[in-house]
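None of the figures in this text is laboratory data; all of them are computed from the coordinates on show. Predicted, not measured: the structure shown is a model, and the values here were computed from it. Cβ atoms come from the backbone with ideal geometry, glycine included; neighbour counts cover every protein chain shown.
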Amino acid sequence: MRRVVITGMGIYSCIGKSLEEVSESLYLGKSGIGIDPLRYDFGYRSPLTGILERPMLKNLIDRRMRTGLAEEGEYAYMATKDALEHAKIDMDFLEKNEVGIFYGNDSSAKAVIEAHNIVAEKKDTMMMGSGAIFQSMNSTVTMNLSVIFKLRGINMTISAACASGSHSLGLGYLFIKNGWQDTVICGGAQETNVYSMGSFDALNAFSVRTAEPHKASRPFDLNRDGLVPSGGAATLILEDYEHAVKRGAKIIAEVIGYGFSSNGSHISQPADEGSFIAMQRALDDAGIGTKDIDYINAHATSTPLGDMYEAMSINSLFGKHNTPVSSTKSMTGHECWMSGASEIIYSTLMMQKNFIAPNINFETPDEYSAKINIINKTTEKKIDTFLSNSFGFGGTNSALIIRKFNS
Amino acid sequence: MKREEIIRITNEFLVEEIEALPELLTEDASLKDDLGIDSLDFVDIFVIVERKFGFKIKAEEMADVTTLGAFYDYIEKKVNSDNGDAK
């Protein structure tokens with residue numbers, strides 16, 4: 001079996017639009033949460049969201065390429081452009097080599113709604129314009145990026161709710177490990193517009209701590225009152241180790257384990273058993289034990305039940321080692337389809353720079369989080385191996401283990 | 001509407017919204033081969049023409065419209081026609 005390494009990373013998030021900016025935000029425990037006043041007018045219960053501005057692509061790609069891109073595709077383009085640059089992969093390489101893409105995305109609400117509104121008003125579908133269909137489909141991100149970057153390998157969007165980004169990396173890892181691809185672009189993208197989160201807000205799942213937006217996302221804290229939606233995009237370039245060495249690529253880290261499971265129970269509530277299985281599977285795949293994990297980047301979204309179940313499963317597996325845990329969602333909010341990929345970037349940056357980013361706003365433990373070692377202040381620590389969890393609606397669970405590369 | 005005005009408005013949207021190169025906008029320019037306008041671009045041009053000139057292009061009427069000059073003529077005919085589809 002081949003070894004799978006990360007050779008490039010790119011991020012477009014509410015805590016930074018470059019690896020440097022994101023590293024600094026993580027180290028400083030900086031929150032990217034704010035208030036979107038449009039949400040009040042729209043009828044949201046909570047106006048809290050990760051704050052992100054739309055990128056300007058006019059001078060970067062031509063009109064035809066831009067026309068098919070929905071908001072999340074724009075974010076994904078920026079993250080992927082940067083990741084490819086980081087990996088020193090240019091258009092010449094992409095034209096001469098087969099590169100695949102697995103990217104997490106599970107909605108394109110704004111594109112669908114805006115197209116519908118046009119037809120409802122004009123009673124003529126042609127008035128939607130040529131971009132509507134390409135923006136509206138769930139596979140909008142991979143559909144467009146594969147054309148923009150001339151990709152000729154596996155080409156697929158992974159829709160697995162809040163585990164989409166993580167599963168995309170898991171699949172990229174499996175394809176390379178099994179020799180079916182040498183290089184795969186993996187990632188996750190999430191739209192952040194006012195249309196995209198209305199039905200989620202309808203579940204009363206969001207924090208309403210509007211007086212203190214930076215304190216609203218408080219995973220594992222006793223006084224958490226819900227998640228804060230967020231988004232953007234994160235891209236990682238996964239590559240076969242030998243292939244990467246042959247082209248002189250810099251090795252950032254190694255993907256050593258992927259675990260998955262499905263809860264088979266409630267559509268919106270996670271379960272400790274399912275997450276336990278995913279984590280254990282990842283450990284088995286990596287051929288390591290729980291003692292070998294130096295840091296856990298938790299899924300924990302700041303929901304009362306979700307964080308509880310994850311604390312239980314982390315305690316079951318790692319309690320005896322007191323493994324440090326933090327949820328970067330405390331700073332970024334819940335990046336949903338993007339989160340599984342972005343959190344690998346956040347954790348890899350921590351691993352490169354020898355620190356654990358804080359689970360900010362963790363002030364008072366509850367009876368479950370009291371049993372695990374939650375890091376709520378930036379802590380200097382050498383991390384050789386980390387585990388990252390992502391759990392989604394429908395009970396889909398994904399766990400990834402990344403290690404510092406050791407030739 | 002005078003032909004000069006039609007040319008001005010058409011060239012403006014071709015440059016600003018379709019991003020055609022201004023120096024290529026000549027009467028004998030081929031829409032497809034010189035200006036690079038493909039079938040997807042035509043869908044967008046349909047939307048823009050409705051907004052700018054108030055009528056809907058009929059695909060079957062565009063079969064012989066292959067040059068920019070022919071396109072100006074087509075718009076002129078539709079906009080100034082008493083039986084046109086102008087709003």
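For segment A:4-246, what is the percent of antiparallel DSSP beta bridges, rounded to the nearest 5?
Values: 20 of 32 bridges.
The answer is about 60 percent antiparallel.
Cα centroid distance between segment A:387-407 and segment A:164-212, in Å?
Segment A:387-407 and segment A:164-212 have Cα centres separated by 13 Å.
Compute the whole-percent fraction of alpha carbon pairs in segment A:273-360 spaced more than 20 Å apart.
Values: 1310 of 3828 pairs.
The share of Cα pairs beyond 20 Å in segment A:273-360 comes to 34 percent.
How would you classify segment A:4-246 from its alpha-carbon gyration tensor, with a ≥ b ≥ c the square roots of the eigenvalues: rounded for a/c under 1.5, else prolate if a/b is greater than b/c, otherwise oblate? The partial results should precede the final answer.
On the way: a/c = 2.00, a/b = 1.26, b/c = 1.59.
Oblate shape, in that a/c is at least 1.5 and b/c is the bigger or equal ratio.
Please report the net charge: other residues with Cβ closer than 11 Å to the Cβ of residue B:32, K and R +1, D and E -1.
Working: positive: none; negative: B:33, B:34, B:38, B:41.
Net charge around residue B:32: -4.
Taking 2.2 N^0.38 Å as the expected size of a compact globular protein, what ratio does the Cα radius of gyration of segment A:341-403 give against it, to two decimals?
Values: Rg = 13.2 Å, N = 63, 2.2 N^0.38 = 10.6 Å.
Working it through for segment A:341-403, the quotient is 1.24.
Please compute the alpha carbon radius of gyration of segment A:56-182, then divide it by the globular-protein estimate 2.2 N^0.38 Å. Two decimals is fine.
In units of the 2.2 N^0.38 Å rule of thumb, it is 1.14.
Would you please give the FRET efficiency between residue A:1 and residue A:382, computed as 1/(1 + (r/R0)^6) with r the Cβ-Cβ distance and R0 = 25 Å, to the nearest 0.05? Kindly include the intermediate steps, with their values, before the conclusion.
Working: r = 28 Å, r/R0 = 1.11.
Rounded to the nearest 0.05, the efficiency is 0.35.
Give me the Å³ per residue figure for the convex hull around the C-alpha atoms of chain A.
On the way: hull volume 52.0 nm³, N = 407.
Here the figure is 128 Å³ per residue.
May I ask what percent, to the nearest 5, of DSSP beta bridges between residues of segment A:257-403 are antiparallel? Intermediate values should be presented prior to the final figure.
Numbers: 16 of 23 bridges.
Antiparallel bridges: around 70 percent, rounded to the nearest 5.
Around residue A:265, what is the net charge, scoring Lys/Arg as +1 and Asp/Glu as -1 over all other residues with Cβ under 13 Å from its Cβ? The partial results should precede the final answer.
Values: positive: none; negative: A:272, A:273.
For residues surrounding residue A:265, the net value is -2.
Find how much the distance from residue A:112 to residue A:54 grows on full extension, using 0.36 nm per residue of separation minus their present alpha carbon separation; answer in nm with one decimal.
Numbers: separation 58, 0.36 × 58 = 20.88 nm, distance 1.82 nm.
The span from residue A:112 to residue A:54 would gain 19.1 nm if fully extended.
Which percent of the Cα-Cα distances in segment A:217-318 go past 23 Å? Don't jump to the answer; show the numbers that get you there.
Numbers: 2273 of 5151 pairs.
Cα-Cα pairs of segment A:217-318 separated by over 23 Å account for 44 percent.
Which percent, nearest 5, of DSSP beta bridges in the protein assembly as shown are antiparallel? Please list the in-between numbers first.
Numbers: 43 of 63 bridges.
Around 70 percent of the beta bridges assigned by DSSP in the protein assembly as shown are antiparallel ones.
Can you give the relative contact order of segment A:4-246 as a percent, counting alpha carbon pairs under 8 Å and 6+ residues apart?
Details: 500 pairs, mean separation 77.5, N = 243.
Relative contact order for segment A:4-246 comes out at 32 percent.
Which FRET efficiency, nearest 0.05, do residue A:367 and residue A:88 yield, Cβ-Cβ r, R0 35 Å?
Values: r = 49 Å, r/R0 = 1.41.
Step by step, r from the Cβ atoms, then E = 0.10.
In the neighborhood of residue A:182, defined by Cβ-to-Cβ distances under 13 Å, what is the net charge if each Lys or Arg adds +1 and each Asp or Glu adds -1?
Working: positive: A:2, A:3, A:96, A:152, A:177, A:246, A:247; negative: A:98, A:239, A:240, A:242.
Spelling it out: positives minus negatives among the neighbours equals +3.
So what's the gap between the Cα centers of segment A:1-42 and segment A:273-295, to the nearest angstrom?
If you average the Cα positions of each part, the centres end up 26 Å apart.
Taking Cα pairs under 8 Å and at least six residues apart, what relative contact order does segment B:3-80 come out at, in percent? Intermediate results must be reported in sequence, preceding the final value.
Values: 59 pairs, mean separation 28.8, N = 78.
Answer for segment B:3-80 is 37 percent.
Residues of segment A:135-168 with the amide nitrogen closer than 11 Å to a label point 7 Å from the Cα of residue A:96, along Cα-to-Cβ, please.
none
Could you please rank A:239, A:363, A:24, placing first whichever residue has the fewest other Cβ atoms within 10 Å of its Cβ? Write down the numbers at each step before the final one.
Numbers: A:239 29, A:363 11, A:24 14.
With the sparsest Cβ surroundings first, the list reads A:363, A:24, A:239.
What FRET efficiency comes out for residue A:269 versus residue A:242 if R0 is 51 angstrom and r is the Cβ-Cβ distance? Round to the nearest 0.05. Present the calculation step by step, with values, prior to reporting the outcome.
On the way: r = 43 Å, r/R0 = 0.85.
For R0 = 51 Å, the calculated efficiency reads 0.75.
Please work out whether segment A:257-403 counts as rounded, prolate or oblate from its C-alpha gyration tensor, where a ≥ b ≥ c are the square roots of the eigenvalues and a/c under 1.5 means rounded, while otherwise a/b larger than b/c means prolate and anything else oblate?
Numbers: a/c = 1.35, a/b = 1.15, b/c = 1.18.
Rounded shape, in that the Cα axes give a/c under 1.5.
What 222 nm value per residue comes from the helices of chain A, counting each DSSP H run with n ≥ 4 as -39,500 (n - 2.57) and dividing by all residues, nearest 500 deg cm²/dmol?
Numbers: 15 runs with 144 residues, N = 407.
For chain A, the value works out to -10000 deg cm²/dmol.
Please rank B:49, A:147, fewest neighbouring Cβ atoms within 10 Å first, as an exposure proxy.
Neighbour counts put them in this order, fewest first: A:147, B:49.
Can you list the residues of segment B:30-53 with backbone N under 12 Å from a point 7 Å past the Cα of residue B:5, pointing along Cα to Cβ?
Within reach of a label on residue B:5: B:53.
Between rounded, prolate and oblate, where does segment B:3-80 land on the alpha carbon gyration tensor, with a ≥ b ≥ c its root eigenvalues, rounded for a/c under 1.5, else prolate if a/b exceeds b/c? Could the numbers behind the result be given before it?
Numbers: a/c = 1.26, a/b = 1.17, b/c = 1.08.
It is rounded, given that a/c, with a ≥ b ≥ c, falls under 1.5.
In deg cm²/dmol, rounded to 500, what helix-only [θ] at 222 nm does chain B give when every DSSP H run of at least 4 residues adds -39500 (n - 2.57) and the total is split over its residues? Intermediate results must be reported in sequence, preceding the final value.
On the way: 3 runs with 42 residues, N = 87.
-15500 deg cm²/dmol, from helical runs alone.
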